[in-house]
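Heads up: the structure comes next, in structure tokens.
The values are calculated or read from the model by the stated rules, or taken from the named source; none is laboratory data. Predicted model only: the values in this text are computed from it and were never measured. Virtual Cβ from ideal backbone geometry, glycine too; neighbours counted across all protein chains shown.
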């Protein structure tokens, strides 16, 4: 059955290609189809084939719900997928401008769009204007991870300081005084993850800095095609979170669709490039600045699909289960 279904996909795609009139036989019709439209239709046929192929393969690993999308029964994925560009600004750390991507709420029944986080305090896009600085800040009962998107700056901790630029990732522990300064003529922008620290947790003494640009690739085969660079784990000082990584996906590639159960809090956010977020029984475009969390119902598959011509990159962070904390 699997071989027959796979063959059917190839036939479907071939049928689409051959349905375009031949240039030599029907020149007028051929030229009436713009190259852009042809490219779009070609890519959409591949998207449909890739999704179906992914779901066929997934059925061997886990059972997926084959019934059509039913409002009220299936999750409303638009509550789980949000862009900071749709949020109102707020201030933190004195002069840091934050716009929410995902906020505290109920992952099973979100009370509002983006209010899906149970274990993490908030996930935002943050901006520090040119030549400005945050106030000296000490986080209490919480810690933060920032991933720099653009601009130039510096961060100073208790004894450690580091330059900030695109790709720099910093774990800022609780009880450590720090400041962030934008040193360039353009704003310093970043993603910011704020996590609570568990009872009895021992945070790092100072900030911990990683440069994603020079971090080696740790895996290229996870979920078929994920190109992973590890940034922070529990051994590095994460408290509630267990993993912060980047994931690149090559052109014309689909990741393995799979779901998560209650207790898992997994978030994917676009850094570079636009991809298709396959979430539940629907798809949405995911440009930079847009993030989503997978509904942890064990029945909502997710994957990202890159139908473009260049590699895309996403920021990933997750909490998987109750785990022993560092003391």
Scan segment 299-318 for residues that are modelled with pLDDT of 95 or more and over 14 Å from the mean Cα position of the chain (by Cα) and jot them down.
300, 301, 307, 308, 309, 310, 311
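Under 24 Å from residue 263 (Cβ atoms), in contact with a strand residue (DSSP E or B) (Cβ under 6 Å, 6 or more places away or on another chain), in contact (Cβ under 8 Å) with a residue 24 or more places away in the chain and in a loop (DSSP other than H, G, I, E, B) - does that describe any residue in segment 78-93?
Scanning segment 78-93, I find at least one residue that is under 24 Å from residue 263 (Cβ atoms), in contact with a strand residue (DSSP E or B) (Cβ under 6 Å, 6 or more places away or on another chain), in contact (Cβ under 8 Å) with a residue 24 or more places away in the chain and in a loop (DSSP other than H, G, I, E, B), so the answer is yes.
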Looking only at segment 288-319, count how many residues are exposed (fewer than 15 other Cβ atoms within 10 Å of the Cβ) and out of contact with any strand residue (DSSP E or B) (no Cβ under 6 Å at 6 or more places or on another chain).
3
Being part of a strand (DSSP E or B) and more than 15 Å from residue 271 (Cβ to Cβ) is the filter here, so list the residues in segment 232-250 that pass it.
232, 233, 243
Testing residue 282 on (1) in contact with a helix residue (DSSP H, G or I) (Cβ under 9 Å, 6 or more places away or on another chain); (2) crowded, with 16+ Cβ neighbours inside 10 Å, one condition comes back false. Which one is that?
(2)
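Test residue 112 against the criterion of being at pLDDT 95 or above, farther than 21 Å from residue 304 by Cα, assigned by TED's automatic domain parsing to the domain that holds residue 234 and surrounded by fewer than 16 Cβ atoms within 10 Å (Cβ to Cβ), and give yes or no.
Values: at pLDDT 95 or above: yes; farther than 21 Å from residue 304 by Cα: yes; assigned by TED's automatic domain parsing to the domain that holds residue 234: yes; surrounded by fewer than 16 Cβ atoms within 10 Å (Cβ to Cβ): yes.
Yes; evaluated as a whole, the condition is true for this residue.
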In a loop (DSSP other than H, G, I, E, B) and in contact with a strand residue (DSSP E or B) (Cβ under 8 Å, 6 or more places away or on another chain): which single residue out of 126, 130 fits that description?
130
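Here's the yes/no breakdown for (1) over 18 Å from the mean Cα position of the chain (by Cα); (2) within 30 Å of residue 253 (Cα to Cα); (3) surrounded by fewer than 19 Cβ atoms within 10 Å (Cβ to Cβ):
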{"site": "185", "(1), (2), (3)": "yes, no, yes"}
{"site": "192", "(1), (2), (3)": "no, yes, no"}
{"site": "195", "(1), (2), (3)": "no, no, no"}
{"site": "198", "(1), (2), (3)": "yes, no, yes"}
{"site": "202", "(1), (2), (3)": "yes, no, yes"}
{"site": "213", "(1), (2), (3)": "no, yes, yes"}
{"site": "216", "(1), (2), (3)": "yes, yes, yes"}
{"site": "220", "(1), (2), (3)": "no, yes, yes"}
Out of 229, 205, 210, which single residue is in a loop (DSSP other than H, G, I, E, B) and assigned by TED's automatic domain parsing to the domain that holds residue 148?
205
Go through 163, 175, 106 for me and flag whichever is free of Cβ contacts under 8 Å to residues at least 40 places away in the same chain, in a strand (DSSP E or B) and out of contact with any helix residue (DSSP H, G or I) (no Cβ under 7 Å at 6 or more places or on another chain).
163
Search result, residues across segment 72-93 that are at pLDDT 95 or above and on the phi > 0 side of the Ramachandran plot
93
